[in-house]
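Chemist: Pasting a structure below so you can have a look.
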Amino acid sequence: LVLRELGKYHAISLALKHIAPAKFNQVKSEIREVFVTEKNAIINKSYDVCIDMALKVTTDLNSKVVTMLKGIQGNSLELMIPFAAPKEPLAVICHGDLWSNNVLFRYSSDSPKAPSDVVFLDLQGCRYASPALDIMYFLFSSTRKDVTKQNFRHLVATYHRSLVEHLQRLAPLAPTVTLDDIMAQIKQHAAFGIVMSLAVLPAVTSGTLSYTIDDVTEDRLHNEEFLAEAEKGILTPEFKRRVNTMFELVVSEGLI
């Protein structure tokens, strides 16, 4: 349901880019990257801390993902900046922070266990970038990793069908976007998706953290006592399981 809505959301960008380029450029010009910027020291250190936590729980020290993460640790934010830059012709206005806490589901009385509709919340992190960033961020951070691993290509295909359906409805003459195009985008931006997902996973998997994101300061991220306390709350069995399943998926799908 989320991926179908995401396909619809991204299709609006591609359609508007085709039928009203001047209007689209005006909208695009007002969007500013808020997470992946050179001046964001807190985010930079947070990424490195989360990478370190992931490396502590990985079960395959020879994994290509582990090699990649070790290579960017200490300089992760600077290396992530190019991934967040738009590359035409598939760049869209991304949600930017699409994880479970920013998705609102509607349930009907006829089917109380299965959501019937979905709305995206908290659009303050929008960025103009590859659609792959939203896809990977949501799949890696907010879905059951065993389900994602077994159905990865099916889930991406679900997104793609929705994207094409709504793009054809809104702008029938717009260039076609193939499933291979989307898979290529995902492979090109896999490192970004992994790091961003690691940054949000602790909030998803831990119910024992004694602080919120508002409590995190640059000084605290250099404080050994604070980091030790954070580690206790982050390194849960669920965090370990999700990290390793994500790494296995990325390698098995040839994304790294």
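Chemist: In deg cm²/dmol, rounded to 500, what helix-only [θ] at 222 nm does the chain give when every DSSP H run of at least 4 residues adds -39500 (n - 2.57) and the total is split over its residues?
Modeler: Details: 11 runs with 149 residues, N = 256.
Roughly -18500 deg cm²/dmol at 222 nm, from the helical runs in the chain.
Chemist: Taking K and R as +1 and D and E as -1, what net charge do the other residues with C-beta under 11 Å from the C-beta of Y128 add up to?
Modeler: Working: positive: K17, K28, R32, K87, R127; negative: E30, E33, E88.
In short, +2.
Chemist: Percent relative contact order of the chain, based on C-alpha pairs within less than 8 angstrom and at least six residues apart?
Modeler: 29 percent
Chemist: Something else about it: May I ask for the net charge around A15, where only other residues with Cβ less than 13 Å from the Cβ of A15 are counted and Lys, Arg are +1 while Asp, Glu are -1?
Modeler: Numbers: positive: K8, K17, K23, R169; negative: E165.
Overall, the nearby charge balance is +3.
Chemist: Students often get this wrong, so check it: of K64/K113; K23/K70; K8/K113; K45/K87, which have C-alpha atoms separated by over 32 Å?
Modeler: On the way: K64/K113 39 Å; K23/K70 43 Å; K8/K113 24 Å; K45/K87 27 Å.
Over 32 Å apart, Cα to Cα: K64/K113; K23/K70.
Chemist: Still on this structure, please answer the following. Can you give me the C-alpha center-to-center distance between region 111-132 and region 31-95, rounded to a whole angstrom?
Modeler: Value for the Cα centre distance between the two parts: 22 Å.
Chemist: Could you give the angle, 0 to 90 degrees to the nearest 10, between helix 41-57's Cα long axis and the longest principal axis of the Cα atoms of the chain?
Modeler: With both axes taken from Cα atoms, the answer is about 70 degrees.
Chemist: How much of the DSSP beta bridge set in region 2-252 is antiparallel, as a percent to the nearest 5? Display every interim value, and only then the final one.
Modeler: Details: 9 of 9 bridges.
Antiparallel bridges make up about 100 percent of those DSSP assigns within region 2-252.
Chemist: Sticking with this one: Under 5 Å between amide H atoms, partner at least 5 residues away or on a different chain: which partners does V118 have, H built in plane at 1.01 Å?
Modeler: Under 5 Å from the amide H of V118: R106.
Chemist: First select every other residue whose beta carbon is under 11 angstrom from the beta carbon of L3; then total the charges, Lys and Arg +1, Asp and Glu -1. Display every interim value, and only then the final one.
Modeler: Values: positive: R4, K8, R161; negative: E5, D134.
For residues surrounding L3, the net value is +1.
Chemist: Now, a different point. Lys/Arg Cβ at +1, Asp/Glu Cβ at -1, dipole of region 2-252 taken about the Cα centre: which of L167, N101, N75 is farthest positive-ward?
Modeler: Checking the options against the dipole of region 2-252, the answer is L167.
Chemist: Follow-up question, since we're still on this one. Quick one: what are the phi-derived ³J(HN,Hα) couplings along region 154-166, Karplus 6.51/-1.76/1.60 with θ = phi - 60°, whole Hz, x for glycine and proline?
Modeler: 5, 5, 5, 5, 4, 4, 5, 4, 5, 4, 5, 4, 6
Chemist: Label points 7 Å out from Cα along the Cβ direction at R169 and Q150: separation in nm?
Modeler: Using points 7 Å along Cα→Cβ, the separation is 3.1 nm.
Only the coordinates and a few stated rules stand behind these numbers; no lab work does. Values in this document were obtained by computation on a predicted structure and should not be read as measured data. Glycine gets a Cβ as well: all are built from the backbone with ideal geometry, and neighbour counts include every protein chain shown.
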